[in-house]
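Please read the structure below before turning to the comments.
The values are calculated or read from the model by the stated rules, or taken from the named source; none is laboratory data. What you see is a predicted model; the values in this text were computed from it and never measured. Here the Cβ positions follow ideal geometry from the backbone for every residue, glycine too, while neighbour counts run over all protein chains shown.
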Amino acid sequence: MKIMDKLLIKLYVPSMEERYNVKIPLNKKVSEIIILLTKAIDEFCGGNYKPEQIPHLYNLLTEEMIDTNLRVRDAKIKNGMQLILI
């Protein structure tokens, strides 16, 4: 995968009160990215991040939910965008 095939996002996880800079691939579905992010955050937090349901991604500024059925490249996610995982 080329470097240009990824975006750098700023991810806020309010339940953990943490912020992360994360590179995500453009060609994956948002639903797949959410699962990968959930697993990664759980590892970063020593196994303390176990949401009861699969969380959703939102644009932090507009509070608009990101459609999980779209690929990242089609979901209007831009490089440097601030997202929130709830």
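Let me confirm something: among ILE9, ILE34, ILE54, which residue is within 13 Å of ILE86 (Cβ to Cβ) and modelled with pLDDT of 95 or more?
ILE34
Quick one: is ILE77 surrounded by 14 or more Cβ atoms within 10 Å (Cβ to Cβ) and in a loop (DSSP other than H, G, I, E, B)?
It is true that ILE77 is surrounded by 14 or more Cβ atoms within 10 Å (Cβ to Cβ) and in a loop (DSSP other than H, G, I, E, B).
Could you check how many residues of region 3-21 are touching a residue at least 12 places away in the same chain (Cβ under 8 Å) and under 19 Å from LYS50 (Cβ atoms)?
So the answer is 8.
For LEU61, are the conditions met, namely being in contact with a strand residue (DSSP E or B) (Cβ under 7 Å, 6 or more places away or on another chain), assigned to a strand (DSSP E or B) and either of a type in the set (Val, Ile, Thr) or on the phi < 0 side of the Ramachandran plot (or both)? First the steps, then the outcome.
Working: in contact with a strand residue (DSSP E or B) (Cβ under 7 Å, 6 or more places away or on another chain): yes; assigned to a strand (DSSP E or B): no; either of a type in the set (Val, Ile, Thr) or on the phi < 0 side of the Ramachandran plot (or both): yes.
It is false that LEU61 is in contact with a strand residue (DSSP E or B) (Cβ under 7 Å, 6 or more places away or on another chain), assigned to a strand (DSSP E or B) and either of a type in the set (Val, Ile, Thr) or on the phi < 0 side of the Ramachandran plot (or both).
Which condition from (1) modelled with pLDDT under 95; (2) in a strand (DSSP E or B) is the one that ILE24 breaks?
Answer for ILE24: the failing condition is (1).
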